[in-house]
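Worksheet for the structure shown next.
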Amino acid sequence: MNFSAQNPSLGDVFGRPLRDLRISVIDQCNLRCQYCMPEEHYTWLPRRDLLTRSEIGRLVDVFMSLGVVKVRLTGGEPLIRPDLPELVRDLAGRLNRGLRDVAITTNGVLLARHAETLRTAGLMRVTVSLDTLRPDRFTALSRRTNHAAVLEGIRAVPAAGFTGTKIDTVVMRGVNDDELADLIEFGRTVAAEVRFIEYMDVGGATEWTRSKVVTRAEILQRLQDRYGRAPVPLDDDSTAPADRYVLPDGTVFGVISSTTQPFCDTCNRSRLTADGMLLTCLYSLTGLNLRDPLRSGATDGELRDLVTGRWRTRADRGAESRLAQRDRGAFISLQSLKRDPHLEMHTRGG
């Protein structure tokens, strides 16, 4: 696809447009998933450093003026943020001004109590992270005992009127790779499309190794063995990261093969950390501070110039670069994470 033809005014060096914006609205999380948050205790970002609701709204307007049409709220765990419904309502008000989608990614722990409120506020779609259907495995992975609350939260999503719901599962060899079909069957019961994500070496995945990665080819083969026929690729002409497939009974699922078959050539995502750093790649080691200029009185035009300058020089192909490394281990060490919280997935959002 020729992205520059969609928006000739703002493409990066490879012609990839600025279309999707992921915003980490808070760095705190109520789980401690070991592939994301390797330590039990963290020193959270100072509350004064987090972007306020109005600051987020203003930056969204800047990004929209440069081509962004989708916004996804992440964390940490976004439902921890007290003013999240008001933030959603603010963003939903932009749906008649060019924004096409306002979505959220959550771990689901608090979702049952907030689903209806978020739907009323104008949230369009929900993605829930769920790596296992087994409570014992959930506790081992997350170091918490909230599994029942997560399942309750997922069931609350269709009840609140949401459609297009996704369940994201990070597949790890020897951990949960025997649950692929079970998760698809569960997704059917809650009107959710399951997306299997290859285990990535980003953020807090400090013990990542190639041997733990279950590839897309393996995932498809296991599902073929279970259902008796190879899943059929679904060509939906989407720039979404998931390759989608159809099972014999019509059930659709996705595979995000970021580790073994990266989608860098079509990546149109930018990310804002909880304290206002612009990241142009999930593998970015540094970002552009937008909070300080914003609070120092920068005009919308000046903020727009900052973002434009960073995006036009964007040459990130982080996942492809990692794939090419022969002796590939974890991308970030625990020592590096301690030195810079912006390297943590719970600060920058997935």
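The values are calculated or read from the model by the stated rules, or taken from the named source; none is laboratory data. None of the values given here were measured: they were computed from a predicted structure. As a convention, Cβ positions derive from the backbone with ideal geometry for all residues, glycine included, and neighbour counts pool all protein chains shown. These area figures cover heavy atoms from the full protein model, side chains too; ligands, DNA and RNA do not enter into them. Shrake-Rupley method; radii C 1.70, N 1.55, O 1.52, S 1.80 Å.
Can you pull out the GluC sites (Glu not before Pro) in region 17-118 that DSSP calls coil and that have at most 16 other Cβ atoms within 10 Å?
On the way: sites: GLU39, GLU40, GLU55, GLU86, GLU116; in loops: GLU39, GLU40.
When the GluC sites (Glu not before Pro) of region 17-118 are filtered for loop state and at most 16 Cβ neighbours within 10 Å, GLU39, GLU40 remain.
Against the longest principal axis of the chain, how steep is helix 53-65, in degrees 0 to 90 to the nearest 10, with axes from Cα atoms?
The angle comes out near 90 degrees.
Could you compute the net charge surrounding LEU133? Neighbours are other residues with a C-beta less than 10 Å from the C-beta of LEU133; K and R count +1, D and E count -1. Before the final figure, lay out each step's value.
Details: positive: ARG134, ARG137; negative: ASP131, GLU179, ASP182, GLU185.
Net local charge, LEU133 excluded: -2.
State the percentage of accessible surface on region 267-350 attributable to carbon and sulfur atoms; use a 1.4 Å probe and exclude ligands, DNA and RNA.
Answer for region 267-350 is 49 percent, counting heavy atoms of protein chains only.
With no other cysteine's Cβ closer than 4.7 Å, which Cys residues of the chain count as lacking a disulfide-compatible partner?
CYS29, CYS264, CYS267, CYS281
Ranked highest first by the average count of other Cβ atoms within 10 Å around their residues, in what order do 227-235, 149-157 fall? Show your work: numbers first, answer last.
Values: 227-235: 12.6, 149-157: 21.2.
Sorting 227-235, 149-157 by mean packing, highest first, produces 149-157, 227-235.
How do 179-188, 119-128 rank on mean C-beta neighbours within 10 Å, highest first? Spell out each step's value before the answer.
On the way: 179-188: 17.9, 119-128: 20.0.
Top to bottom by mean Cβ count within 10 Å: 119-128, 179-188.
For region 47-182, which whole percent of the accessible surface, found with a 1.4 angstrom probe, sits on carbon and sulfur atoms? Write out the running numbers ahead of the final one.
Numbers: 2640 of 5290 Å².
Carbon and sulfur together cover 50 percent of it.
Under 23 Å between alpha carbons, and skipping anything fewer than 8 positions from LYS166 in its own chain: which lysines qualify?
Once the sequence-local lysines are set aside, what remains near LYS166 is LYS70.
What does the accessible area per residue of the chain come to in Å², with a 1.4 Å probe and no ligands, DNA or RNA counted?
Numbers: 14690 Å² over 350 residues.
Per-residue accessible area for the chain comes out at 42 Å².
Non-local amide H neighbours of ILE197 (under 5 Å, H modeled in plane, Pro and chain starts lacking H): which ones?
HN-HN under 5 Å from ILE197: THR169, VAL170, VAL171, ILE256.
Given the rule -39500 (n - 2.57) for each run of at least 4 DSSP H residues, summed and divided by the residues of the chain, what is its mean residue ellipticity at 222 nm, to the nearest 500 deg cm²/dmol? The partial results should precede the final answer.
Details: 13 runs with 114 residues, N = 350.
Helices in the chain give a 222 nm mean residue ellipticity of -9000 deg cm²/dmol.
What translational D, rounded to a whole number of µm²/s, comes out for region 1-133 from Stokes-Einstein when the hydrodynamic radius is the Kirkwood one over Cα pairs, at 10 °C and 1.306 mPa s? Spell out each step's value before the answer.
Details: Rh = 16.2 Å.
In µm²/s, the coefficient is 98.
Let me check something: with ligands and nucleic acids excluded, how do MET64, MET172 order by accessible area (1.4 Å probe), largest to smallest?
Details: MET64 30, MET172 10 Å².
Of MET64, MET172, the descending order of accessible area is MET64, MET172.
Separation of region 61-89 and region 103-150 by C-alpha centroid, Å?
18
Take the Cα atoms of the chain, find their three principal axes, and give me the spread along each one in whole Å, biggest first.
Extents along the principal axes, in whole Å: 59, 45, 42.
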